[in-house]
1. Which order do the peptides 108-118, 67-77, 316-326 take when ranked by the mean count of other beta-carbon atoms within 10 Å per residue, highest first?
2. Can you compute the FRET efficiency between residue 119 and residue 345 using 1/(1 + (r/R0)^6), with r the Cβ-Cβ distance and R0 = 45 Å? Round to the nearest 0.05.
3. Over the Cα atoms of the range 47-181, what Rg and Dmax result, in angstrom?
4. Give the residue list of GluC sites (Glu not before Pro) in the range 73-163 that are DSSP loop and have at most 13 other beta-carbon atoms within 10 angstrom.
5. Taking springs between alpha-carbon atoms closer than 10 angstrom, which of 341, 327, 161 fluctuates most in the Gaussian network model of the chain?
6. How compact and how long is the chain, expressed as Rg and Dmax of its alpha-carbon atoms in Å?
7. Compute the relative contact order of the range 156-271 as a whole-number percentage, counting only Cα pairs closer than 8 Å that sit 6 or more residues apart in sequence.
8. Remind me, relative contact order of the chain in percent, using alpha carbon pairs under 8 angstrom and six or more residues apart?
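Just so it is clear, none of the values below were taken in a lab; they were calculated from the coordinates. The model shown is predicted, which means the values in this text are computed figures rather than measured ones. A quick note on method: Cβ atoms are made from the backbone with ideal geometry, for glycine too, and the neighbour counts reach across all protein chains shown.
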Amino acid sequence: MKWCFFTFLLLAQFELYMVSAMLPRNPVKDLVKPLGVSSILSPQDFLSFSYYHKTCPAAEEIIHQKMAAWFRKDYTLAASIIRLHFHDCAIRGCDASILLNHRNSERTAYASKTLRGFQVIDDIKAEIERKCPKTVSCADILTAAAREATLLLGGPFWEVPYGRKDGKTSIAKEADLVPQGRENITALIDFFQERGLNVLDLVVLSGSHTIGRSSCRSFLHRLANYKGTGRPDPTLDRNYLRNLTRSCKWSSDLVYLDTTTPKTFDMEYYNNLGKKMGLLSTDQELYSDPRTEPFVSAFTSQQPDLFFNQFAASMVNLGNILFYTAPNESEIRLNCNYVNPAPRKKANPPRRS
Ligand code: HEM
Ligand SMILES: *[C@@H]1O[C@H](CO)[C@@H](O)[C@H](O)[C@H]1NC(C)=O
Ligand SMILES: *[C@@H]1O[C@H](CO)[C@@H](O)[C@H](O)[C@H]1NC(C)=O
Ligand SMILES: *[C@@H]1O[C@H](CO)[C@@H](O)[C@H](O)[C@H]1NC(C)=O
């Protein structure tokens, strides 16, 4: 049985590889142009596990300790950090552009409204700057923090490759391209593919919705008059619907994404989909679409290993999304909220009159 699923996944991956090899690369170009960058880089050429071994050997330990401390104070931050990492990598690659805090930056976008955990990254960055000034990028810190968050919630471990640079550009309207829960599966597949991620990555990474919460506004459209039918979404379990209706007094109210085991990183999310208990329509549709359903079924096979191993692999893929930026367009930020100040020109000594 076990091997059967593995073989299936391997075959499916191979098939996806073949399909993506045959697809024209144009979608990438189309996406990339408006963003002002010219190509997706091959991460192997830039990232490495040993990147900070000499320059900042303490970095991972600091991130580990800080994440554990914040988690003890507020466990909900762990899910928020994982989501923050996704929103970072989805726009301009993993370059910490989501962390820039200025007028009209990604962080101010509608799709960023419920992002949290910025203070955690600021705190880690401050400590790392004390130990190794101007060495570790905010993008690397966020990537490693997402791995720590997964572990703290009971999820899998993986080695994080390092060497990302922080971008200098962050534009709100680009952040609104990130899927918000009402898209169809074709749109989701396209969005992932444009960033070098395949259908398997889509299904596996959606599995992060095994933890964390959503505001009601992201699924309110399912509760009544779904797609103009005058009825709720028929793929929503009746009892679950009743509970959600009761929980959503305000569109800003929060509901667990995984209704059965909301605080643990496990594969219950996939089991819920089979019981019409996916929260977002983008979750539930993974179960009904023939392109994604086979992966969902594989992950409900009572083998946590399969989901865990693939989640680790897909998180590395997510963290490896890098777009080309000219050397003068990237840096190691001193403060994750701001682009480094331009080096000050030497002022001429005041002339005596
Ligand atoms: C496939 C497309 C995806 C869609 C449509 C989607 C949509 C959403 C939405 C609507 C929310 C709730 C936001 C709110 O209303 O407060 C959410 C939360 C979350 N998402 Fe996703 N997401 C997607 C992919 C991902 C990926 C790839 C990851 C991570 C690798 C991720 C991790 C999370 C986490 C952890 C939360 C909970 C955040 C918290 O508790 O603060 N999502 N997502
Ligand atoms: C899916 O969404 C895209 C983008 O919103 C839209 O153009 C397309 O027509 C939709 N496809 C289906 C089958 O509804
Ligand atoms: C609905 O809420 C009740 C009471 O909180 C709970 O026992 C039940 O499991 C929930 N049902 C679903 C489908 O979420
Ligand atoms: C980087 O250099 C290019 C070409 O030399 C220039 O057009 C661009 O404005 C520069 N960017 C920044 C942020 O200085």
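1. Working: 108-118: 17.2, 67-77: 15.1, 316-326: 20.2.
Descending mean neighbour count gives 316-326, 108-118, 67-77.
2. After rounding, the FRET efficiency stands at 0.85.
3. When restricted to the Cα atoms of the range 47-181, Rg and Dmax are 14.2, 42 Å.
4. Numbers: sites: 106, 127, 129, 148, 159; in loops: 159.
Hits after loop and neighbour filter: 159.
5. Comparing 341, 327, 161 in the GNM, the peak value goes to 341.
6. Cα radius of gyration and Dmax of the chain are 21.2, 90 Å respectively.
7. On the way: 97 pairs, mean separation 31.4, N = 116.
In percent, rounded to a whole number, it is 27.
8. Numbers: 515 pairs, mean separation 86.2, N = 353.
Dividing the mean separation by the residue count of the chain yields 24 percent.
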